[in-house]
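The values are calculated or read from the model by the stated rules, or taken from the named source; none is laboratory data. Since this is a predicted model, take the numbers as computed values, not measurements. Note that each Cβ is placed from the backbone with ideal geometry, even for glycine, and that neighbours are counted across all protein chains shown.
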Amino acid sequence: MLSYEMDNPLMGFETSFKGCFSSVLDTEKMDLKLIIEELDSIDDVPYVFICPISLEPMQEPVTLCTGQTYDRSNILKWFSLGHKTCPTTMQELWDDSITPNNTLKQLIFTWFSHKYLGMKKKLEDVQGRVLETLETLKKVKGQSRVKALKDLRKLVVSHVCARKTLLENGGVGLVCSLLGSFTSHVVGCEAIGIIVNLDLSLELKRKHLMHPGKVSLVVDIMNEGTIETKMNCAKLIEMLLMELEGNETMVEIVSSLSLLVGLLRLVRDKKHPNGVLIGLTLLKKVLCCHESIRSSMISIGAIPQLIEILPNLNNECLEIALYILEVLSTLEEGKLALKECPNIIPNVVKMLMRVSENCTQFALSILWAIYKLAPEECASKAVEAGLASKLLLVIQSGCNPVLKQKSSEFLKMCSVNYSTSIFISKCMLTTTIQ
């Protein structure tokens with residue numbers, strides 16, 4: 001049996017918890033298992049409370065003859081597997097009895113109860129602050145309103161219970177009511193920052209947000225706010241985009257030139273990769289809303305701007321950007337805009353076989369669109385940029401048959417203006433592959 005008088009690591013805990021026993025009286029009837037589950041994310045549990053077998057907090061600590069302590073269920077399972085040793089020391093057990101460690105059990109219960117009460121008090125404090133702030137918002141204006149919104153946003157961002165309290169107490173309607181024709185941008189920024197952190201039902205979206213005036217305001221704020229505000233506005237528009245089917249007025253607003261310009265500014269901000277991904281994702285979704293949006297994007301110079309940022313994008317962003325360019329390349333004005341971009345062909349050739357099969361497919365479609373406009377010029381520049389060797393790699397890879405076939409046809413077209421020996425040398429392959 002482990003001695004608690006000699007070199008006992010629990011003695012410090014016993015001393016520190018003497019003042020806590022009175023504070024846990026109302027939790028004594030609670031099951032320790034339930035308390036531990038409620039405190040699932042705790043990461044500072046004392047090591048002496050952890051079962052060496054499961055590495056989880058012990059609920060029924062028992063001690064073996066070797067002096068090692070385990071949770072009852074775990075050590076019994078160890079024995080049921082035929083083991084006759086101590087799991088930690090691997091000593092042969094001269095006595096297979098297990099002794100309940102009530103002192104340790106009480107300490108574990110007290111420690112977790114103290115944490116549980118602290119958590120409950122914190123939750124109650126957060127809920128109270130949310131309710132108090134909502135009441136304040138009903139009464140104040142100007143800078144006082146801005147301050148209340150800032151406080152509420154901090155609570156909502158930091159605490160799940162704050163979001164729940166706001167949703168259950170009419171907070172969505174109150175915050176959304178502050179988004180209107182005469183809303184100042186500073187109020188709008190804070191309100192949007194709150195809304196994007198809420199899990200809103202379709203009913204709440206339609207009731208409080210699906211109004212042309214509110215969506216127009218969000219688009220305006222996106223073009224003038226900080227990078228955080230721009231990202232929040234993009235997130236909110238994306239939240240609403242899923243519900244816009246059949247609503248022509250709303251589609252017209254979210255496909256406005258103002259929004260497209262704002263999103264392009266967002267994706268060109270190299271300092272904020274998260275903003276680039278959010279912007280590209282929304283551009284892709286807006287692109288699918290209506291066919292006229294494609295022409296609008298081309299008219300505001302989306303193609304050269306996207307081509308310019310391709311080399312700086314991470315893999316996820318690169319795939320989305322190439323998808324957008326491929327869609328735009330289906331229009332005649334899109335093909336022309338692609339052809340006129342400086343270094344378009346070398347930049348796109350680099351994307352082949354670089355990231356994913358999807359990227360390769362999108363890049364090949366873009367090159368194909370340019371080739372249709374200027375076959376000889378495109379073929380020459382593409383081969384010089386290493387297209388032939390890339391196409392041969394596609395053909396020899398495990399890509400889908402359609403992509404292989406397209407690569408094979410493109411390779412044949414590119415070889416028309418070259419003799420066999422010159423074309424092979426342009427492929428830049430090893431002697432073996434040649």
Next on the checklist: Condition first: at pLDDT below 90 and assigned to a loop (DSSP other than H, G, I, E, B). Can you find one or more residues in segment 297-312 that meet it?
Outcome noted: no
Checklist entry - Quick check: is even one residue across segment 134-146 in contact with a Phe, Trp or Tyr (Cβ under 9 Å, 6 or more places away or on another chain) and part of a helix (DSSP H, G or I)? => result no
Item to check | Pairs, first crowded, with 18+ Cβ neighbours inside 10 Å in segment 322-337, second of a type in the set (Ser, Thr, Tyr), C-beta under 8 Å, six or more apart | outcome: Glu326/Ser365; Ser329/Ser365; Lys335/Ser329
Item to check | Residue, nearest to Val327 (Cα to Cα), within segment 357-401, restricted to residues that are at pLDDT 85 or above and of a type in the set (Val, Ile, Thr) | outcome: Ile366
Next on the checklist: Condition check: polar (S, T, N, Q) and either farther than 20 Å from Leu411 by Cα or free of Cβ contacts under 8 Å to residues at least 40 places away in the same chain (or both). Does Asn314 satisfy that?
Outcome noted: yes
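Conditions (1) surrounded by 13 or more Cβ atoms within 10 Å (Cβ to Cβ); (2) out of contact with any strand residue (DSSP E or B) (no Cβ under 8 Å at 6 or more places or on another chain); (3) under 20 Å from Val45 (Cβ atoms); (4) not hydrophobic (A, V, I, L, M, F, W, C), marked per residue:
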| residue | (1), (2), (3), (4) |
| --- | --- |
| Arg72 | yes, no, yes, yes |
| Ser80 | no, yes, no, yes |
| Pro100 | no, no, no, yes |
| His114 | yes, yes, yes, yes |
| Asp125 | no, yes, no, yes |
| Gly142 | no, yes, no, yes |
Checklist entry - Which residues, counting only those in segment 315-371, are part of a helix (DSSP H, G or I) and β-branched (Val, Ile, Thr)? => result Ile320, Ile324, Val327, Ile344, Ile345, Val348, Val349, Thr360, Ile366, Ile370
Next on the checklist: Looking only at segment 162-187, filter to residues that are of a type in the set (S, T, N, Q) and assigned to a loop (DSSP other than H, G, I, E, B); which one of those is surrounded by the most Cβ atoms within 10 Å (Cβ to Cβ)?
Outcome noted: Thr183
Checklist entry - Which of the residues belonging to segment 105-125 are at pLDDT below 80 and aliphatic (A, V, I, L, M)? => result Leu117, Met119, Leu123
Checklist outcome for this item: A careful count of residues in segment 188-213 that are surrounded by fewer than 21 Cβ atoms within 10 Å (Cβ to Cβ) and either hydrophobic (A, V, I, L, M, F, W, C) or in contact (Cβ under 8 Å) with a residue 24 or more places away in the chain (or both) gives 15
Item to check | Residues satisfying the stated conditions in segment 51-62, i.e. more than 14 Å from Gln91 (Cβ to Cβ) and touching a strand residue (DSSP E or B) at 6+ places or on another chain (Cβ under 9 Å) | outcome: Cys51, Ile53, Ser54, Glu56, Pro57, Met58, Gln59, Glu60, Pro61, Val62
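So which of Ile345, Ile278, Ile300 ends up being among the β-branched types (Val, Ile, Thr), at negative phi and surrounded by fewer than 20 Cβ atoms within 10 Å (Cβ to Cβ)?
Being among the β-branched types (Val, Ile, Thr), at negative phi and surrounded by fewer than 20 Cβ atoms within 10 Å (Cβ to Cβ) holds for just one of Ile345, Ile278, Ile300, which is Ile300.
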Next on the checklist: Take the conditions surrounded by fewer than 19 Cβ atoms within 10 Å (Cβ to Cβ) and either assigned to a loop (DSSP other than H, G, I, E, B) or among the β-branched types (Val, Ile, Thr) (or both) and apply them to Asp151. Does it pass?
Outcome noted: no
Checklist outcome for this item: Flagged pairs (Cβ under 7 angstrom, 6 or more apart or on separate chains; first in segment 357-372, farther than 15 Å from Gln405 by Cβ; second among the hydroxyl-bearing types (Ser, Thr, Tyr)) are Phe362/Tyr323; Ile366/Ser329; Ala369/Ser329
Next on the checklist: Being over 25 Å from Leu282 (Cα atoms), at pLDDT 90 or above and either in a helix (DSSP H, G or I) or more than 21 Å from the chain's Cα centre (by Cα) (or both): is that true of Ala234 here?
Outcome noted: no
